[in-house]
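Q: First, the structure itself, so that you have it in front of you.
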Amino acid sequence: MPDFSDAALILAGHGSTVNSDSSRPTWEQAERIKSLGVFAEVHVGFWKESPSFRDVLGAVRASRVFIAPLFTAEGYFTMEILPREFGLEGRVTKREGKEIIYCDPLGLHPYMLEALLKSAQAVLAGTPVDPETICLMVAGHGTPRNPNSKSVVADVVERLRALRIYGDCQGVFMEEPPFIRDWAALTDCKNVIVVPYFISDGLHSFEDIPVMLGITENVREQGFRNPTHIHGRRIWYARALGAEPRVAEVIVALVRDAARTAGG
């Protein structure tokens, strides 16, 4: 493990005012990283919860600070919201006696493909299904405000296709075509596994996407069943990726890469 004993780490997550599960992976990964003993300080900050990005930066004592965005893409939040809220001037910002180093988003690390495959396999829960009959769908947010949101999922899908594990692989999105709601028209496979390319089981991944898939009308009131039989198919809906224990090591690796780029 690298030594950042003079540095602080801030895990920057989205959070939610309506779904407490949204922030859980951020807190869990912070505890795992603390147990590694790599950093002098480990903090968390959120866009939609307390502590806020601005407040958490003010609480840091160390002179060298790494900010790790727990987001899946270089999109609207990582390129506009976080830099504005943290007062960043680029990859490295020097202000008020602090050197602030901005890391790449979690979703860009190659390990997240492995985490996605683990999530897809886990949701089958031992059910014997021929992989050739399965379409693995990667569900992303997508947004017309920033094309990077979609391109990250597209890249993941291309790498999945190259592995030839499943009969088909598709990317689907909440706010851009191909839309999640049209999943049944996108593949002929009789079995479909949908993995949300999100860090946490928050509002979008836990509540909105199952409704878009048609496997429930209201998750909180009805829940959903894996698999659900719909449109003559069996469909499984998996967990988001941020709870995977090895994600803590991935975050440290992203910090190490950022430090190397920053010259320290």
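The values are calculated or read from the model by the stated rules, or taken from the named source; none is laboratory data. This structure is a prediction, so every number in the text was calculated from the model and none was measured. Glycine also receives a Cβ, built like all others from the backbone with ideal geometry; neighbour counts cover every protein chain displayed.
Q: When segment 189-216 is examined, which residues are found to be free of Cβ contacts under 8 Å to residues at least 40 places away in the same chain and assigned to a loop (DSSP other than H, G, I, E, B)?
A: Hits for segment 189-216 are Gly214, Ile215, Thr216.
This table checks each residue for (1) buried (at least 22 other Cβ atoms within 10 Å of the Cβ); (2) farther than 30 Å from Arg234 by Cα.
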site	(1), (2)
Ala40	no, yes
Pro51	no, yes
Glu80	no, yes
Tyr111	no, no
Leu124	no, no
Ile134	yes, no
Arg145	no, yes
Asn148	no, yes
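Q: Would you confirm, using the coordinates I've provided, whether Ala243 is among the hydrophobic types (A, V, I, L, M, F, W, C), surrounded by fewer than 22 Cβ atoms within 10 Å (Cβ to Cβ) and under 13 Å from the mean Cα position of the chain (by Cα)?
A: Judged against the criteria, Ala243 is a match.
Q: Hey, another quick one. Is it the case that segment 143-155 has a residue that's over 16 Å from Tyr197 (Cα atoms), touching a residue at least 40 places away in the same chain (Cβ under 8 Å) and of a type in the set (S, T, N, Q)?
A: yes
Let's see how each residue does on (1) of a type in the set (Ser, Thr, Tyr); (2) closer than 21 Å to Tyr111 by Cβ; (3) assigned by TED's automatic domain parsing to the domain that holds Met79; (4) in contact with a helix residue (DSSP H, G or I) (Cβ under 6 Å, 6 or more places away or on another chain):
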residue: Pro131; (1), (2), (3), (4): no, no, no, no
residue: Leu163; (1), (2), (3), (4): no, yes, no, no
residue: Ile193; (1), (2), (3), (4): no, yes, no, yes
residue: Asp201; (1), (2), (3), (4): no, yes, no, yes
residue: Pro210; (1), (2), (3), (4): no, no, no, yes
residue: Gln222; (1), (2), (3), (4): no, no, no, no
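Q: Every residue in segment 217-251 that is acidic (Asp, Glu), at pLDDT 90 or above and not in a loop (DSSP other than H, G, I, E, B), please. Talk me through it step by step, then tell me what you get.
A: As a first pass, look at segment 217-251 and keep what is acidic (Asp, Glu): 217, 221, 244, 249.
Applying the additional criterion that residues be at pLDDT 90 or above yields 217, 249.
Within segment 217-251, just Glu249 meets the criteria.
Q: Taking the condition under 23 Å from Thr26 (Cβ atoms) and surrounded by fewer than 21 Cβ atoms within 10 Å (Cβ to Cβ), does Gly97 pass? So that I can check it myself, show each step before the final result.
A: Numbers: under 23 Å from Thr26 (Cβ atoms): no; surrounded by fewer than 21 Cβ atoms within 10 Å (Cβ to Cβ): yes.
Answer is no for this residue.
Q: Here's something else I'd like to know. Restricting to segment 166-188, name every residue that is out of contact with any helix residue (DSSP H, G or I) (no Cβ under 7 Å at 6 or more places or on another chain) and either part of a helix (DSSP H, G or I) or polar (S, T, N, Q) (or both).
A: Asp182, Ala184, Ala185, Thr187
Q: Further question: Select the helices (runs of 4 or more DSSP H) contained entirely in segment 1-118, then report the ones holding at least 1 residues which are over 24 Å from Arg246 (Cα atoms) and not assigned by TED's automatic domain parsing to the domain that holds Asp155. Let's see the steps before the verdict.
A: Numbers: elements: 24-36, 53-59, 82-86.
Output list reads 53-59, 82-86.
Q: Could you say whether any residue in segment 11-22 is small (Gly, Ala, Ser), modelled with pLDDT of 95 or more and out of contact with any Leu (no Cβ under 8 Å at 6 or more places or on another chain)?
A: The answer is no, given that none of the residues of segment 11-22 is small (Gly, Ala, Ser), modelled with pLDDT of 95 or more and out of contact with any Leu (no Cβ under 8 Å at 6 or more places or on another chain).
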